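Student: Sharing a structure below in structure tokens format, with a few things to ask.
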Amino acid sequence: VRKQRLPDFSTTDVQRRRLMAGVRQARTSAENRVAAILRTLGARHRRNVRSLAGSPDFANKSEAWSIFVNGCFWHHHRRCARATIPKTNTAFWRDKFAANKARDQMKIKALRSLGFRVVVVWECELTHPTRVAARLSQMLEAGRIDVG
Ligand SMILES: [Zn+2]
């Protein structure tokens, strides 16, 4: 039996809901764009797959592929204009970025050792969604050939 929820139109509730939606959207807009690309490619997937090594942002276990969507600043995308180093506490930030990059490499290694294909999509690449789509399509096709 499905419980019916009474609509709540109080101002504070509506405001809170809008605020929460904004926060969520800001955090995952790059991931949402990748999700949209995967949908257009007809690639079935799960998001935030915590049951897999490295908790990839997208994965399909039975097809053995996984995707990380990396923000250029936090994951310090090489030779990317968005991968700036803050002018204050420079040493701290350098260490932080180095640690993030090392962790990213470990995650990729762990997934590859399980036989997964791994693609990293950088935030800045999403300004050219057709290129990202081509790359992901290639990754999906490679799996189909393997199964072949
Ligand atoms: Zn970048």
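Student: Within the range 71-92, identify whether any single residue is closer than 22 Å to S29 by Cα, hydroxyl-bearing (S, T, Y) and within 16 Å of the chain's Cα centre (by Cα), and answer yes or no. Spell out the reasoning first.
Tutor: Of all residues in the range 71-92, those closer than 22 Å to S29 by Cα come to 71-78, 80-84.
If we keep only those that are hydroxyl-bearing (S, T, Y) as well, we get 84.
Next, from what is left, pick out any that are within 16 Å of the chain's Cα centre (by Cα): none.
No, the range 71-92 contains no residue that is closer than 22 Å to S29 by Cα, hydroxyl-bearing (S, T, Y) and within 16 Å of the chain's Cα centre (by Cα).
Student: So if I check each of K87, K101, K107, which one is closer than 16 Å to N70 by Cα, out of contact with any Leu (no Cβ under 7 Å at 6 or more places or on another chain) and away from the ligand (no atom under 16 Å from the Cβ)?
Tutor: Numbers: K87 fails: closer than 16 Å to N70 by Cα; K101 fails: away from the ligand (no atom under 16 Å from the Cβ).
It is K107.
Student: Confirm whether T40 is among the β-branched types (V, I, T), surrounded by fewer than 13 Cβ atoms within 10 Å (Cβ to Cβ) and within 16 Å of the ligand (Cβ to nearest atom).
Tutor: Working: among the β-branched types (V, I, T): yes; surrounded by fewer than 13 Cβ atoms within 10 Å (Cβ to Cβ): yes; within 16 Å of the ligand (Cβ to nearest atom): no.
Considered against the rule, which asks whether it is among the β-branched types (V, I, T), surrounded by fewer than 13 Cβ atoms within 10 Å (Cβ to Cβ) and within 16 Å of the ligand (Cβ to nearest atom), T40 comes out as no.
Student: All but one of (1) exposed (fewer than 14 other Cβ atoms within 10 Å of the Cβ); (2) over 22 Å from L41 (Cβ atoms) hold for A142; which doesn't?
Tutor: (2)
Student: For residues that are in contact with a Pro (Cβ under 9 Å, 6 or more places away or on another chain) and free of Cβ contacts under 8 Å to residues at least 12 places away in the same chain, scanning just the range 82-110, find the one that is surrounded by the most Cβ atoms within 10 Å (Cβ to Cβ).
Tutor: Within the range 82-110, the subset in contact with a Pro (Cβ under 9 Å, 6 or more places away or on another chain) is 92-93, 107.
Going one step further and asking which of them are free of Cβ contacts under 8 Å to residues at least 12 places away in the same chain, we end up with 92-93.
Values: F92: 10, W93: 16.
For the range 82-110, the residue satisfying everything is W93.
Read-outs: derived from the displayed coordinates by stated rules, not from any lab. All figures in this text were calculated on a predicted structure; none of them were measured in a lab. Cβ: placed from backbone, ideal geometry, glycine included. Neighbour counts: every protein chain shown.
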